Each structure stands twice: as structure tokens, then as C-alpha cells.
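Every number here is computed from the coordinates shown, using simple stated rules; none is lab data. Note that this is a predicted model, so its numbers are computed, not measured. Positions of Cβ are backbone-derived with ideal geometry, glycine not excepted, and every protein chain shown enters the neighbour counts.
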2 protein chains.
Amino acid sequence: MKRIGIDLGGTNIAAGVWDDDSGRLLSKMSRKTRLPRPAEEIMQDMAAAAQEALAAAGLTAADAASLGVGCPGTCNLDTGVVEYANNLQFKQVPLRQRLQELTGLPVFLENDANAAALGEAVAGAARGAENCVCITLGTGVGGGILIGGKIYNGYNFAGAELGHIVIVVDGEACTCGRRGCWEAYASATALIRQTRAAMQQHPDSLLWQWAPTLDAVNGRTAFDAMRAGDAVGKQVVDRYIYYIACGLINVVNIFQPEVLCIGGGICHEGETLLAPLRRYIEQERYSKYSARQTRLTVASLGNDAGIIGAAVLALHQG
Amino acid sequence: MKRIGIDLGGTNIAAGVWDDDSGRLLSKMSRKTRLPRPAEEIMQDMAAAAQEALAAAGLTAADAASLGVGCPGTCNLDTGVVEYANNLQFKQVPLRQRLQELTGLPVFLENDANAAALGEAVAGAARGAENCVCITLGTGVGGGILIGGKIYNGYNFAGAELGHIVIVVDGEACTCGRRGCWEAYASATALIRQTRAAMQQHPDSLLWQWAPTLDAVNGRTAFDAMRAGDAVGKQVVDRYIYYIACGLINVVNIFQPEVLCIGGGICHEGETLLAPLRRYIEQERYSKYSARQTRLTVASLGNDAGIIGAAVLALHQG
């Protein structure tokens, strides 16, 4: 069966055609989301993107068995309504019904981070794991949970907000309204804030060579300065990795999943990131005496995870 | 069917006979665990306690369909072995096999906090909830998770250690080896430490009237002083409740369970505790815009939860 998956993001509407038999994406395409604009326009572009992805694979709507959508925010799976998605400015958008009208296909909906976790479990780094937790370290820190091969999203579909576990009581303000969330310490946004603070405290640091102004700081600045031998850059990186580890160990102690999968641009740092993370986890996990231990792995599908996970929703929710 | 449940604790071996048909405990009895002593002796006492509970209900082993045990630590459900239980000094104890030999009954094993959560879901404050998280605020902070009516214990049976979520990076030392665990701020042990620290800082506080020496401090001292009008006692209580709330909101953001059930001696404070907890949760939960919300409730079975949950394991693991 051929299935369409759409990963609806704040920047891009990414669509692809998935083939159940070969376990591969046959085509991919993308349109700009161009926020802010009305939900109706976005949904029309989603339907058009689905058509284009089909055409790119030499197919038509008659060849597709289903359309799946990964959408930010709280997606009510009973009603097919996106109840709230802050960055899209969606409130009570009947996404499933409208896309069914526009495409004539059965439509399946899920939160985007949950869909991406499903994608990694079906075709990526967590393949075959029945219990798995996926963490995306990006602008924010997102989570997706699979238990017994099924997405876990809670009583009201708003669960798995693992970035919004407080790790520092009364700490940094988080966009969610709490203080001290893991996201406020372990996201790329947090790393940039931490790098800037170190630069202001250390006018002599090599960090200023990698980023001549505070505006030029990005998620690689501290890592690059560290590799060039800068002590302040190393301090920033060490502390940032420690914050990531703190939250990952929390996740291990809560779920003891078979696979803990991390993704996001920071993972391009490879062993510079992974070696200390593994060490912290081994030192601190509650399950020190257990024969079986969680396997830490890096997401392998990149942006495709969300498309693939959305495409296969029909098989997992149905 | 009649089933025996045993809640094995560091202080007591509590046994009872559960009746599936009436949904009630027919009898209860208890022996002292008398630690430290060999696992074999403890298991013989468990078998004897099971016999006595049957006799107290006017039954014999022939009337019982199963024996369930809730045991602290990591219980491997595949092998029936208690891999590690710190307070019992158990390491690799083949509890299921030995108790089957001693009683002739099919034996079911589970971590004690998980069994207690199941008890509350079957017969207590979480009755009927398919997704529920139970938190016990005692000497430590324990957690039990039910998803789809089943106990969730992770890939290696060591999951649901919700007390060992760090809420203060680099904070107070925890018995688990980490720093800043929720347990180190929200347990009764933590409240006693916080009360003592406040007394040392405030020699003029009414706290000293309720506890003339630091050794006399218990989990009620600060609450009692607050009710008598003491400002320092109120500060201690306010901060302690804030720590409890921090971890509960984490649990809501992670699981969005239908029911969040809290137990432990502190819950006798009633609305003094619950009203601020509800307020914090409503203010801070990620799911502010969801129609359905987690219901906060107080465990209703007390120590019976562990016995009942153990007794019904046969129905839930089988």
C-alpha cells in the first residue's frame, strides 16, 4: 500500500509518499508554511503538497490508501481537531475533516513529535523497539513515547511533553510559563543563551573569534571554540551536555525504555556529545544493577521521521 | 476466586486474602520483617503469613487460586527473581520459585509501588482509570504507572522510579547517588530535614515548641506550628508543598494521566495540602487548553493497596 505522510511545521509543509511493501519513501516535496495565515489556506496547501508528492512518485490519489499528518500542539484523536498549536496559531481547527474533504482520503492525525518517534521506531534508529522514547533537541526539546509499539499521548492527547520537566526549581523562564524546564537548559536555544552569557563574562575568550557579535552565536559556536582549545567554550559545552544528561537520566528512570533515541542538529557533534552522555547515564541511572539496560542511539531519519511516522499512522491507530 | 496478596516491606510482611467476587479483603495479618536476616527466613515467614491470613478467613491453601507479592526493588517478571532490593539486602533472590515450593500456589511478583498503584486502580481512589499514576510520599517518593490498565515497568522492570527525577540540578544528595531528586525534596524525610534547617536558622520560631529538640521533629511539626500561627512553620510548609507540586506537574506533563493519585502520611493534611497542589497544577500544566484534565486524588486504601494489588496480579499479568 502507498500512504501519504505530511509533517506540518512552522517553516515547512513536508509531504512524502511511503510504500509499505518496500519500507521506503518513494517521493518527497515541501512547501513553505508562510505563517501567519489562516488554517484554511494552510490545509489547502497541505492537500496540494500531497498531490505533488503523489505526482512526483508517478501516482494519483486513487493509488493512496491514507493520508497521515503530524501536527504541532495538542491533536485530539477522537475528534480529529487540532485543539491548540501555539506556533501555528491553531485553535480548534477541524484538520481531519477538512483534509478528508480536500483529498477524499481517510486522514489520520497525531502530534508531530509523536509521529516522528513512530517514524524512528518503524524505519529508523529505534527500529523494532516496542518501548522507546525519542527526544528532539532543537529550538525546543520535544518528546515522543512508544509503549508496546503504540504512541502514548495520555488521557487528553497532550502527554509526552518531556521538555517541560522542571530540572531546576525556580530556574530559567520557559516558553510554557514554568521556570526551570529541561527545554530551557538543553535546547539549542538554551545553548545559544549559555554561550552568549559566557562571552559577556569572558571578553578574552576565543568564543568571540567564532562569533564576532552576540547575534552571530549559534549552536556550534561553543563546540567550535572548544575544539580550538578555548577553556570557556569547553565549560559551556560541558555544562550543556550535563543538562542534556540530567534530563535523559530522568527519562531512563521514568521509562527504562529499550531504546532512548535522540535527534536534532546537536547530534552532528557525534561522540563529542554521546560519549559523556553515556558516561553520565551509566553513573546515575537507578537501574545500575539490572542486566538489561536502555540503549542510547541517535535518530537516523532526520526530517523524514515525521513524514514516515505520519504516513504509517493508519497502521498504528487503525 | 480467593487470592493471597503479600506486601513485603522493610518493617512488616503484610498478608491478606482477597475475594474477586465481593472485591474485598476477607482477612489481614502482619509479621515483622526483622531485618537484617537471610532471604530464606523471610520467605518462610511470608509463606507462614499467607497460611495465617487464610486461616483467619476460615480457608486453607486449597481454597486459594494464587499468591501475589509486592516487593521493593527490581523484580524480574520473566524469571521471578528479585534482582536487587537495597533495603531488604536482596540480590538475585529467586522469590517466585521458592514461594511456589513453600506454598504450592502459582506465585506472581511485582515491584511494591507498582502493586500498590494497581490496588488503587482496582479497588481504591483510581478505580476504573485505565491510565493512572500513583505517587507515594513517604520515607522516599515512590511511583507506580498504569497504562491501558496494565502496570508499566519498562524494558528491565526497573521503570517508574518517579522519585528519582532530578528537579534541582546539583541539589541535595539523594540515596540513589544522584543530586537533586524529587525524593530529596518531597519525601517526609526531606520535610524533616527542611524543618530542622528552619529551626536552626530561627531559634525563636514556634517550631521549637512542637519539637523541643531536632530529634523530635517529624512530618507534622511544621504543619502544626503553621496552624498555631508560626510564620517560619508556614514558610517550611509552603516551600515543601511547592516541591511536591513541581514533581506532580512534571508527572502531568509527561503522562497526562486520567488520574494522579497521591498517598502517604502527609495526605492526612487534607485540603491544607491539596488546595495549593491543585492551584499549582492548574497554573503550570502544559495542557492548559485541553478539555480533559488529569484528576488529582488521594489514595484511599492506605497500606491495603499493596496487599490488594499483589493479590490481583494474577489477573493482570496472566
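Find the relative contact order for region B:6-133 and round it to a whole percent, using C-alpha pairs within less than 8 Å whose residues are 6+ positions apart. Mind showing how you got there, number by number?
On the way: 218 pairs, mean separation 27.4, N = 128.
Computed over region B:6-133, the figure is 21 percent.
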**Prompt:** For the protein assembly as shown, taking Cα atoms only, what is the radius of gyration to one decimal and the Dmax to the nearest whole Å?
**Reply:** 26.3, 84
**Prompt:** Once phi is turned into ³J(HN,Hα) by the Karplus curve 6.51 cos²θ - 1.76 cosθ + 1.60 with θ = phi - 60°, what whole-Hz value does each residue of region B:112-125 show in order, with x for glycine and proline?
**Reply:** 5, 5, 5, 4, 5, 4, 4, x, 5, 6, 7, 9, x, 5
**Prompt:** What are the distances, in nm and sorted shortest first, from the label point of B:Pro94 to the label points of the same position in each other copy, with each label point placed 7 Å from Cα along the Cα-to-Cβ direction?
**Reply:** 6.3
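May I ask you to derive the relative contact order of region B:132-298, considering only C-alpha pairs under 8 Å and at least 6 residues apart, and to give it as an integer percent?
Details: 251 pairs, mean separation 36.3, N = 167.
Taking the mean separation of contacting Cα pairs over the length of region B:132-298, I get 22 percent.
As a test of the definition: which semi-axes, in Å, follow for region A:132-298 when you take the square root of five times each eigenvalue of its alpha carbon gyration tensor? Largest first, please.
Working: eigenvalues 173, 66, 34 Å².
In descending order the semi-axes read 29, 18, 13 Å.
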**Gap separating the Cα centres of region B:11-82 and region A:185-203, nearest whole Å** = 56
**Request:** Calculate, axis by axis, the spread of Cα positions in region B:29-113 along the three principal axes, and write the results as whole Å, longest axis first.
**Result:** 36, 28, 23
**Prompt:** If you place +1 on the Cβ of every Lys and Arg, -1 on the Cβ of every Asp and Glu, and leave all else neutral, what size is the dipole of region A:132-298 about its Cα centre, to the nearest 20 Debye?
**Reply:** 400
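Let me know the longest stretch in chain A that avoids all trypsin sites (Lys or Arg not before Pro) found in a DSSP loop with at most 16 other C-beta atoms within 10 Å. All intermediate terms of the calculation are to be shown ahead of the outcome.
Working: sites that count: A:Arg34, A:Arg127, A:Lys288, A:Arg292.
Result for the longest clean stretch: A:128-287.
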**Prompt:** Shortest first and in nm to one decimal, what separations exist between A:Gly302 and its copies in the other chains, measuring from label points 7 Å along the Cα-to-beta-carbon line?
**Reply:** 6.2
**Degrees between helix A:39-56 axis and first principal axis of chain A (Cα, 0 to 90, nearest 10)** = 80
**Coarse-grained scattering of chain A at q = 0.07, 0.12 Å⁻¹, given as base-10 log I(q)/I(0) from a Debye sum over alpha-carbon atoms** = -0.29, -0.83
**Sequence-distant lysines (8 or more away, or on other chains) whose Cα lies within less than 18 Å of A:Lys288** = B:Lys91
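How much of the DSSP beta bridge set in region B:132-298 is antiparallel, as a percent to the nearest 5?
On the way: 10 of 19 bridges.
That works out to approximately 55 percent antiparallel.
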**Asked** If one computes the Cα centroid of region B:89-153 and of region A:221-255, what distance in Å separates the two points?
**Response** 37
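How much of the DSSP bridge set in the protein assembly as shown is antiparallel, in percent, rounded to the nearest 5?
Details: 63 of 103 bridges.
Taking every DSSP beta bridge with both residues in the protein assembly as shown, the antiparallel ones total about 60 percent.
Can you tell me the convex hull volume per residue for region A:1-143, based on C-alpha atoms, in Å³ to the nearest whole number? Intermediate results must be reported in sequence, preceding the final value.
Numbers: hull volume 15.3 nm³, N = 143.
Enclosed volume per residue, from the Cα hull, is 107 Å³.
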**Fill in**
If every Lys and Arg gets +1 and every Asp and Glu gets -1 at its Cβ, then about the Cα centre region A:29-148 yields a dipole, in debye to the nearest 20, of 280
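Quick check on region B:1-155: of the DSSP beta bridges with both residues there, what percent are antiparallel, nearest 5%? Don't skip to the answer; put the middle values down first.
Numbers: 29 of 40 bridges.
Expressed as a percentage, antiparallel bridges in region B:1-155 total about 70.
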**Request:** Would you please give the residues with an amide H less than 5 Å from that of B:Ile262, counting only those at least 5 places away or on a separate chain, with H modeled from the backbone geometry?
**Result:** B:Ile135, B:Thr297, B:Val298, B:Ala299
**Relative contact order (%) - criterion: Cα under 8 Å, at least six apart; region: chain B** = 20
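With charges set only on the Cβ (+1 for Lys and Arg, -1 for Asp and Glu), what does the dipole of the protein assembly as shown come to about its Cα centre, in debye to the nearest 20?
Computed about the Cα centre, the dipole is about 480 debye.
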**Request:** Using a Gaussian network model of chain B whose springs link C-alpha atoms within less than 10 Å, name the residue from B:Asn131, B:Asn156, B:Asn76 with the highest mean-square fluctuation.
**Result:** B:Asn156
**Message:** Taking B:Pro38 in one copy and the same position in all the others, each labelled 7 Å out along Cα→Cβ, what are the pairwise distances from the first, in nm, shortest first?
**Reply:** 8.1
